[in-house]
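Worksheet for the structure shown next.
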Amino acid sequence: MLNVTNLGTFVFVEFNAGINAFLGLNHELIFVCAFCGFVSLVLYICGRLGARLHVLIIPSIANILGMMVVGFFLNGGSHGGSQYYIFLALIASIMMVRSRHRLILGVLYGLVITALVCIEWYIPQSVIPYPSNRARILDVWLSVVGTGIGVAVVLAILIDNYRLYQRMFLAEKRRSDRLFRNSVPKSYAQKLMQGHLSVIESHPSVSVLYCDIVGFTPLVARLDPYLIIPELGRIFSVFDQLVEKFGVVKVTTVGDAYMVVAGIQNSRSDHAQACFELGQAMLRVCGKLTLGGEYFLVRIGIHSGPVVAGVVGRVRAHFDLWGHTVNMASSLQTIAEPGCICFGDATRDLLNDSWGLQPLGLVDVMDSEPMRLWCFRCDCLDT
């Protein structure tokens, strides 16, 4: 806006100097217009060359205001058209300064206008009259037209900027809403966006999957973390695509652990099958991606049962799960062998088939009664 104002001032003032010369006005006024136009051009060039705009604001306003004051007395005083330019200069100046300085700037312009009126009233001989009535009428007419054009340009800039910021605001809002919906299940996100302060729901039957990369902590200690972490991000990005494909919900990532839940949305009855197929796909990823230059293995634990789900936090909303089912899935992941999926009868009974499952027998999990566990190992890891 500052550069546009300086460039517009240069063009308009130089044009006005030519009109004044054509009307036969005094040479001092023509010189002032030409000089102030030259200063505006220099300020415009400095702004285009990368000068700090906050340094150029004061010289720009002083140049425009000084030209208005001098032109007022050299151009017939209140009988001329300079006072119209002062109004336009005030609008342009307010647009360039910071909000906390606008009141000061408005008071400055008010004092300048008051001083001009008082000087003309008490010292009328300080005003240089027009050489003819024809010159006065033409100059006032051009002043009104010029001010109208200037106001129209300023309004056009304001409207365009408003529409631009509105589009940017809507685009940013859509982006933030999309990120929020991706981090929180759709049903929870809708309730939060409708004004609910918190959303907590109980689900009688879901399946929770825990996936952990084998040997990740020693790998980070041995290699450069700045090389390993981006590779982990690429692996999790592939996991995110699989989550989207199988229609489940990503809960969180903690270090190298990846947590997923199925059955939260739409109360789907095949949540165990969805988690099992997702776990198989995660195992197959181990044969396609590398971590630290080598193929990696994961441990996966799945458990089915009731959970409590909700969104906690107001500043940074976070979706999370609570309950015995969550803790069991985490524990089963630690029991699973590298490259295997481990789960109990609660999940196996919900699967469509039990092909390829290996019984692990009764195993103590979380210091509770022994559970019958099952293991699935992907054939692709044997090749």
statement: Reported set for the stretch 120-163 where residues are of a type in the set (V, I, T), without any contact (Cβ under 8 Å) to a residue 40 or more places away in the chain and in a helix (DSSP H, G or I) is I137, V145, I149, I159
field: Single residue of G323, G310 found to be more than 20 Å from F239 (Cα to Cα) and in contact (Cβ under 8 Å) with a residue 60 or more places away in the chain
entry: G310
- prompt: Identify, please: which residue in the stretch 118-128 is under 18 Å from E28 (Cα atoms) and surrounded by 14 or more Cβ atoms within 10 Å (Cβ to Cβ) and is, among those, modelled with the highest pLDDT?
  reply: V127
query: What are the residue pairs meeting all of these: first residue in the stretch 238-256, first residue of a type in the set (G, A, S), second residue assigned to a helix (DSSP H, G or I), Cβ atoms under 7 Å, and 6 or more apart or on different chains?
result: G247/A274
- line: Filtering the stretch 209-227 for residues that are of a type in the set (A, V, I, L, M) and under 20 Å from G339 (Cβ atoms) leaves a count of 4
Members of the stretch 261-273 found to be surrounded by 22 or more Cβ atoms within 10 Å (Cβ to Cβ) and within 36 Å of the chain's Cα centre (by Cα), listed by number: V261, A262, G263, I264, H271
query: Among (1) among the hydrophobic types (A, V, I, L, M, F, W, C); (2) modelled with pLDDT under 75; (3) within 37 Å of the chain's Cα centre (by Cα), which single condition is F15 missing?
result: (3)
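The values are calculated or read from the model by the stated rules, or taken from the named source; none is laboratory data. The shown structure was predicted, so the numbers you read here are calculated from the model rather than taken from an experiment. Here Cβ is always computed from backbone atoms with ideal geometry, including for glycine, and neighbour counts include all displayed protein chains.
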